[in-house]
Structure formats: structure tokens, C-alpha cells
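Chemist: I have a structure here, written as C-alpha cells, and I will follow up with some questions on it.
The values are calculated or read from the model by the stated rules, or taken from the named source; none is laboratory data. Since we're looking at a predicted model, the values are computed, not measured. Neighbour counts are summed over all protein chains in view; Cβ atoms, including those assigned to glycine, are modelled from backbone coordinates with ideal geometry. Protein only, heavy atoms only, side chains kept; ligands, DNA and RNA dropped before computing areas. Shrake-Rupley method; radii C 1.70, N 1.55, O 1.52, S 1.80 Å.
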Amino acid sequence: MRARDLAYETSSALLANRARTLLTVLGIVIGIAAVIAMTALIDGVKAQLVGQLGLNMSRTVNITCWPPGNQPLDQDDIEEIGTALASDYEFVTGFTYTSAQASSSTASLEYLNITACEPEYFQAMGYEASRGRLFDAEESAEGDMVVVLGGSTVKNLFGSPDADCVGQTVRIGSSQYTVVGVVNEGFTYDNDTCYMPAETAVTRLIGQGGYASWQILGFAREGSDMYAVADATEAYLHDRYGIPWPEEDQTSFSSDEGYVYVQTAQALIDQLDATTATFRMLALAVAGISLLVGGIGIMNMMLTNVTERIREIGLRKALGARRGDITGQFLLESVTICIVGGVIGIGVGYGGAWALAAVAGSALGSMMGASGAISPVISASTVAVATGICVGIGVVFGWYPARRAAKMDPVESLRYQ
């Protein structure tokens, strides 16, 4: 049988029982839509978290080091660490925190969180300026009186999150600072933050030696094995500062003995991947039940079709149709139902994912104090898997009815009433 004839016979057979075909297709649509909607939503949430938490900067290493004897690291120590580990890192930069009162010409804040950092901090964290610019290396080295605002600071100091604050002056503590930009931090938490050159913060707000400890960020060289970099960093810090290695079951550490924590963004991404994979498997398991029911519906429909077309099968065999021709005819009908249902299901699922994303984005924002809508992510691999599932269901659940039709005796089939 030629391909054109086979396609014509398949469409004719399915259209002859439109209501039955539609109800059978509906079962596949529901199952595939569930698969697409859940996987697209889960991948969208993952992409949102990766981007807004800065985890897309997989080359970033967070380093916490507290030497024995309660002697916190200072800027000279950080520079020494960067020099010693230059083969592993493009740069190593330090940052610390302080706070102060702040005010503008229109409002004031009792408590402003200040991150004292170098320009490299923004690259390591994946932050970019949404307005204006970030302070540069020269301003940092000179200790210029400049700040970059973030979080809800613009709204609370200038009355609106879209206020034209770049170039404006704010008072922080007892000094005046020029706003050079607004940073895009991803999640917009309901607190007030700003970023200031480390030299400026130490001189104007913190005072030499008046801070607890500097945190450290390393930015690994491109193509590095992040786990190897983290291990090398941890080994160096333990050796350099004489910090004892923890016991296998040790969960707490004394500041007198010192401690080291080294964590890569890649490790966090791997943990997130494992978590989302678990949710994806649960979603597929639930959707699989719908697909199983849809597959049983296809088998039931095809068995009914075979019964109704016994005389037609006998006539085809009498005219020379082989078993393979009959099997192929009914299998094609089964697979066609599944593919049509799959195509519709992909569209319905993607639309459903956007609806679920709106609800999830609102809930996530309420729980985490974050803004920003979740965009579902539907990948080519997801569509390919959905298509493969459709074809597989059509073959698996259509095989028995097709073989049953192929094995019929032509003489008995022609006598069937």
C-alpha cells in the first residue's frame, strides 16, 4: 500500500468516528499537557532562582576563613590569598558589612545596610547596573564618596522605585555621597542596601580594625574544575593559618581553633539540579497516570475499530493485503491519534504553564519578598521526549489490536455479520 493511500485510509477511519476519536485524543492531551506544564514550570522556577540568586555565576567561590585565636582576616590577608591562588582564580576580592543612618532631600532611613566592596564584587555576584553605572577601580582605590543603591533603597529614599536618583546626593552617617548607579540584584528584598568602595567605607564608617571580619569571593579561571579549585583553596587556608581539619562527625567549630568554609556556586547549582530533578520525576509520575489511562483508552478504541471493521479486514486480505499491511494500518491510526493529542497537549501545556507560573511567581514573591515573574522554560528535549512518549504509547497500546486484526482469517472475516 502506497504511503498516500495509507494516509488517506487512516484519516478516513479516524474521521468516520469523530466523537470517539476526539474523546480518545483528549486523554492524550491531558497527559501530555500535564507533562509539559509541570516540567516547563519547574525549569522556569529553576532558571529564576539560578539567575536571581546569582547562581549563574558558576565560577564564583564563597570563602569563609577564621584563623585560630579570634584573629579575623584583613585586606592584606585577602591580597595574599589572591596572590597565592592566582593559578586558580582570575581574582580574589573581599567585602564586609556595616550600617548607618541615611537620608536624602525627601526622606530618611534609620538603618541602611552597607556592603563595603571592590568593583570585582559585582562581577563575582553577577550584579549589573539597571541605571547609571557601578563604581570603578579608580574610585575604589581613591576612596571616592560614591555609592550604588540596591534593594528598596531608591523607593524609600526618593519616593519611587523609578525615581531619577543617579547623580543625586545622599547623606550616610555624617558624610555626603553621590549616587552613581542602581544595581540589579535579582531578587528585590524588602530591606535597604547600598554598595560603597571598601576604602571609603573603612575610612568613613568602619574605621581601621573596627570590623569583625572580611568575607571573601573568588572568581575561578574559565574552564576550571570548580570542585578541585574549592579543595585546593580549602587546603591552602588550613595550611596557611594552621587551622585543624574537622573530624568526620564534627558539625560545630570553635572560633579559638578557627574554621574554613569553601562553597562554590556550582555546588549550589548541583544541589538545585538534584532537587528539581526530584520534583520533575514526581510530576512525570503523576502525569504518567493520565497517559496510562489515555493509552488504555486508545487500546479500547482500536479494539472497537477492529471489531467494527472485521469484514473490511477480510476483504483487504482477500485482495492480497499481507499481515504487515493490516498491522501497519492499525498501528498508524493509533500513533496518529497520539501524535495529534501530543501536539495539542504541548500547546495546552505551555499555556497552562504560564497560568501556573503567574500563581507560583506571586506565591514565591510573597514568601521570599522577591519580585519578578517566572517564565516557563520549554526545551527542545522536553518536546522531543513528549513526542517520543506519544509515539511509544501509540505503538504499545495499538500493537495488540493491530496484531489481532492481522491474524484474522479472511474467510471467517468475510462471513462476519
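Chemist: Sort through Leu149, Leu157 and tell me the only one that's over 16 Å from Val202 (Cα atoms), part of a strand (DSSP E or B) and among the aliphatic types (A, V, I, L, M).
Modeler: Working: Leu157 fails: part of a strand (DSSP E or B).
After applying the criteria, what remains is Leu149.
Chemist: Which ones in the stretch 109-131 are touching a residue at least 12 places away in the same chain (Cβ under 8 Å) and in a strand (DSSP E or B)? Lay out the reasoning, then the answer.
Modeler: Of all residues in the stretch 109-131, those touching a residue at least 12 places away in the same chain (Cβ under 8 Å) come to 109, 111-131.
Answer for the stretch 109-131, where residues must be touching a residue at least 12 places away in the same chain (Cβ under 8 Å) and in a strand (DSSP E or B): Leu109, Tyr111, Leu112, Asn113, Ile114, Thr115, Ala116, Cys117, Glu128, Ala129, Ser130, Arg131.
Chemist: Of the numbered conditions (1) open to solvent by 40 Å² or more (accessible area, probe 1.4 Å); (2) farther than 30 Å from Asn62 by Cβ, Gln266 fails exactly one; give the number of that condition.
Modeler: Looking at each condition in turn, Gln266 falls short on (2).
Chemist: Checking the conditions here, which among Thr83, Thr98, Thr106 is buried (at least 17 other Cβ atoms within 10 Å of the Cβ), of a type in the set (Ser, Thr, Tyr) and either within 26 Å of the chain's Cα centre (by Cα) or modelled with pLDDT of 85 or more (or both)?
Modeler: Details: Thr83 fails: buried (at least 17 other Cβ atoms within 10 Å of the Cβ); Thr106 fails: buried (at least 17 other Cβ atoms within 10 Å of the Cβ).
Sole residue among the options that is buried (at least 17 other Cβ atoms within 10 Å of the Cβ), of a type in the set (Ser, Thr, Tyr) and either within 26 Å of the chain's Cα centre (by Cα) or modelled with pLDDT of 85 or more (or both): Thr98.
Chemist: Right, next: When the stretch 6-19 is examined, which residues are found to be at pLDDT 65 or above, surrounded by fewer than 16 Cβ atoms within 10 Å (Cβ to Cβ) and assigned to a helix (DSSP H, G or I)?
Modeler: Once the filter is applied, which keeps residues that are at pLDDT 65 or above, surrounded by fewer than 16 Cβ atoms within 10 Å (Cβ to Cβ) and assigned to a helix (DSSP H, G or I), the stretch 6-19 yields Ser11, Ser12, Leu15, Ala16, Arg18, Ala19.
Chemist: Considering only helices (runs of 4 or more DSSP H) fully contained in the stretch 312-417, which possess at least 2 residues that are at pLDDT 80 or above and in contact with a Pro (Cβ under 8 Å, 6 or more places away or on another chain)?
Modeler: Details: elements: 323-368, 380-406, 410-415.
Here the list reads 323-368.
Chemist: Can you tell me how many residues within the stretch 23-46 are modelled with pLDDT of 85 or more, β-branched (Val, Ile, Thr) and open to solvent by 30 Å² or more (accessible area, probe 1.4 Å)?
Modeler: Matching residues across the stretch 23-46 total 1.
Chemist: Select, from Leu332, Leu303, Leu284, Leu291, the only residue that is touching an Asp or Glu at 6+ places or on another chain (Cβ under 9 Å), open to solvent by less than 80 Å² (accessible area, probe 1.4 Å) and under 27 Å from Cys390 (Cβ atoms).
Modeler: Working: Leu303 fails: touching an Asp or Glu at 6+ places or on another chain (Cβ under 9 Å); Leu284 fails: touching an Asp or Glu at 6+ places or on another chain (Cβ under 9 Å); Leu291 fails: touching an Asp or Glu at 6+ places or on another chain (Cβ under 9 Å).
Selected residue: Leu332, the only one of Leu332, Leu303, Leu284, Leu291 that is touching an Asp or Glu at 6+ places or on another chain (Cβ under 9 Å), open to solvent by less than 80 Å² (accessible area, probe 1.4 Å) and under 27 Å from Cys390 (Cβ atoms).
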